[in-house]
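Participant: Once you've had a glance at the structure underneath, I'll fire off some questions.
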Amino acid sequence: MSDRRDVCSVPAAHLSDWYDGVLPSHESQRINQHVTSCPVCRRRIDEYDEIQRMLRAHHTRVSQERVWRGVRERVLQQSPPQTRHTIPWQPAAALLAIVVLVVALAQVLRSHKTPSIIPTPAVSDTQAWGNYHHATYDLSSIAGSRFTPTALTSDGLLLGGYTIAPDGRSATFDIVTLATKQIQHIATNDFTRPGETLSMRLGINFALIGNEDNTFLKSYNLTTGTLTDHSQDHAVVLDAALDGSIGTEGIALELVVTPGNHNVLQILHLIDGTHKTIATDVKATARLFSEYLVYQQSNGQVAMIYHLVTEQSRVVPAQVTPVLFGPGATFRVADTTAFFTLPAATSHTVEFGEVDDLDATSASKHLIATTLAPGMQVVAASERLVLLSHQGQYFAWDRAQQRIVTLPEGLSAAGLSNNWLWLAGSNHLTVINTDSLPQK
Amino acid sequence: MPATLAGQFDDFEALFRRYERAVTGYLWRMVGDDDIACDLAQETFVRAWQHYDELRTYEFQQAWLFRVATNLALNHLRGRVAFTSIADLRDDAPQLHLPDSTNDLAEREVIIQILQQLPPRQRAVLVLRSVYGLSCDELGRVLGISFEAAKIALRRARAKFRAGYLREEGCRE
């Protein structure tokens, strides 16, 4: 398998869909023709074939007889398989069941109109989670006492951050491999003014580093080690998505102010430096949530959502305020009460699913928390946790345990990366595997 | 055992012989351990026997078995720390999960290791698609998710597996 990064206009996610035969026929035909002459796509298809070959090539060492012995033994100890019985009054029972369902549905719908407010239990500290899988690192021994963590990769392996020089005139950006403590230096930024705000995002394949006015903006390909300068784009970078299916390429969201004072929203593909215009006359508040880009037209309050993979736009339903999209949830924050909507609150698959259908998310609302203070910010969301902050104090809303956990005081930063919660103090970093948190 | 039940048991054994390799192989890729895969496969077929009266009439018996196996695997994984658990990364812990350049890991071990680094549902869709050829529709039915969610999970799983493999390759070089 090759880590070469040649350029092709077909996103990897699109090619993956083609490979799985789930593209519309006209699009599939287009890719059919394209791949015959595109060495980049051809190589990636070869890689998909190779992944398939590798997954198929190896087998369990458990013999069929061993499995059968256990099954046979248990089956023979049991009673015969359950038999379905025909009930003579089945039609009447079916009718009764329908009536019960209709009444229940009506009650559910009524309750959705006026959700009951039940205070969310809050607990004082992370000890409430009991024994969970975590590790604490002495950052000063890894990257020096001035290292400020800003991002963790979604697999919890790489930590990104920066160190401000003692004279306060520059900062160096580094990536630390937590297991080996190896430090990978990316770039140095000479400040144009003291105390610049710096940012860093870290994805599967890319790190994006920058300062507040985008005079310093670079992307770093973690696989090839290539550093690309984007500061000449004359655009303000609003957000970036470096993870997931689109993130294998890496996408930054840019806003360009035209001479007529119109904001043009465009995406920048980090892999090849190409731009694509999404909309004109937009407000400067666009954000990326996984594969979704949410923005507002400057002439109205209506929020739009653009799907980066299918390249389709649509209006966000009025009842959904796109404060944050996380896996399985769309958040709406109103006054002191936070809501999130689920495609179907009763389905267990939703909690761990993806937000890919806004119509479905608007169908019902599910109250999750009521003890949030005014001004509390939703920082990030994962399948398990929602990270919140209020006046410098961080909280985690545990979606499995249905309660708010107060995180330790004095954190300089905190974040969620896939199934990792990371908490940075002045000189230490604690990384918690959220898969290890008890369910109850 | 009465004759009718014995006949039914023979039919059940035929079903077991037909699908056992797929079910155990799938579970092994899901949990990364032969013994656990064996236990979960046995549980899957015991449940198949318990519902055999219905199951034998199903057109897609394999999909039913995969669904039960998936639920058992996810339940098992939920109670277990991830393979690339942070304990392995602790300062005082041996670096178990990272490839060791002095110890040339067999491809089998590497594949299983990378699979275990994927979120369980992504692992499930990648294996069911790549090894057993399930369509996104079938993946949705097996995992109880929508077609779109299955498609996205598959994309992500493939991208993550590829990235994981490249990382392993890089570490070995």
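Participant: Of the residues that make up region A:13-30, is at least one out of contact with any helix residue (DSSP H, G or I) (no Cβ under 6 Å at 6 or more places or on another chain), away from chain B (no Cβ under 14 Å), more than 30 Å from B:F45 (Cβ to Cβ) and modelled with pLDDT of 85 or more?
Facilitator: Yes, region A:13-30 contains at least one residue that is out of contact with any helix residue (DSSP H, G or I) (no Cβ under 6 Å at 6 or more places or on another chain), away from chain B (no Cβ under 14 Å), more than 30 Å from B:F45 (Cβ to Cβ) and modelled with pLDDT of 85 or more.
Participant: Looking only at residues in region A:407-421 that are in a loop (DSSP other than H, G, I, E, B) and in contact with a strand residue (DSSP E or B) (Cβ under 6 Å, 6 or more places away or on another chain), which one is farthest from A:W129 (Cα to Cα)?
Facilitator: A:S412
Participant: Additional query: Need pairs with beta-carbon distance below 7 Å; first residue within 14 Å of A:I175 (Cα to Cα) and within region A:124-149, second of a type in the set (F, W, Y) and surrounded by 12 or more Cβ atoms within 10 Å (Cβ to Cβ); sequence gap 6+ or separate chains.
Facilitator: Final answer for the pair search is A:L139/A:F147; A:T148/A:Y162.
Participant: From the residues in region B:138-161 that are of a type in the set (D, E, K, R) and under 18 Å from the mean Cα position of the chain (by Cα), which one is nearest to A:T153 (Cα to Cα)?
Facilitator: Only one residue fits best here, namely B:K160.
Participant: Residues being without any contact (Cβ under 8 Å) to a residue 60 or more places away in the chain, under 18 Å from A:A151 (Cβ atoms) and of a type outside the set (G, A, S): count how many of those fall in region A:379-425.
Facilitator: Within region A:379-425, residues that are without any contact (Cβ under 8 Å) to a residue 60 or more places away in the chain, under 18 Å from A:A151 (Cβ atoms) and of a type outside the set (G, A, S) number 8.
Participant: Give A:A179, A:A171 a once-over and let me know the one that is over 26 Å from B:L166 (Cβ atoms) and without any contact (Cβ under 8 Å) to a residue 40 or more places away in the chain.
Facilitator: Answer to the selection: A:A171.
Participant: Same structure, new question: Which is within 15 Å of A:R74 (Cα to Cα), assigned to a helix (DSSP H, G or I) and of a type outside the set (S, T, N, Q), of B:D53, B:D39?
Facilitator: Sole residue among the options that is within 15 Å of A:R74 (Cα to Cα), assigned to a helix (DSSP H, G or I) and of a type outside the set (S, T, N, Q): B:D39.
Participant: How many residues does region A:29-77 contain that are among the aliphatic types (A, V, I, L, M) and within 20 Å of B:E169 (Cβ to Cβ)?
Facilitator: Of the residues in region A:29-77, 6 are among the aliphatic types (A, V, I, L, M) and within 20 Å of B:E169 (Cβ to Cβ).
Participant: Determine whether B:V125 is of a type in the set (V, I, T) and more than 9 Å from every other protein chain (Cβ to nearest Cβ).
Facilitator: Answer is yes for this residue.
Participant: Just name the residue that is farthest from B:A163 (Cα to Cα) out of those in region A:183-195 that are in contact (Cβ under 8 Å) with a residue 24 or more places away in the chain and either crowded, with 19+ Cβ neighbours inside 10 Å or of a type in the set (A, V, I, L, M, F, W, C) (or both).
Facilitator: A:N189
Participant: Taking strands (runs of 3 or more DSSP E) that fall entirely within region A:136-234, which contain at least 1 residues that are touching a Gly at 6+ places or on another chain (Cβ under 7 Å)?
Facilitator: A:147-152, A:158-164, A:170-177, A:198-202, A:206-211, A:217-221, A:227-229
Participant: Which condition number in (1) among the β-branched types (V, I, T); (2) modelled with pLDDT of 85 or more; (3) surrounded by 13 or more Cβ atoms within 10 Å (Cβ to Cβ) is the one that A:V10 fails?
Facilitator: Condition not satisfied by A:V10: (2).
Participant: Restricting to region B:137-149, what's the tally of residues that are within 9 Å of another protein chain (Cβ to nearest Cβ), part of a helix (DSSP H, G or I) and buried (at least 23 other Cβ atoms within 10 Å of the Cβ)?
Facilitator: Here the count works out to 2.
Participant: What's the number of the condition B:V31 fails, among (1) under 20 Å from A:Q52 (Cα atoms); (2) at the interface with chain A (Cβ under 9 Å from one of its Cβ atoms); (3) at pLDDT 90 or above?
Facilitator: Just one mismatch for B:V31, condition (2).
The values are calculated or read from the model by the stated rules, or taken from the named source; none is laboratory data. Keep in mind it's a predicted model, so treat the numbers as computed, not measured. Note that each Cβ is placed from the backbone with ideal geometry, even for glycine, and that neighbours are counted across all protein chains shown.
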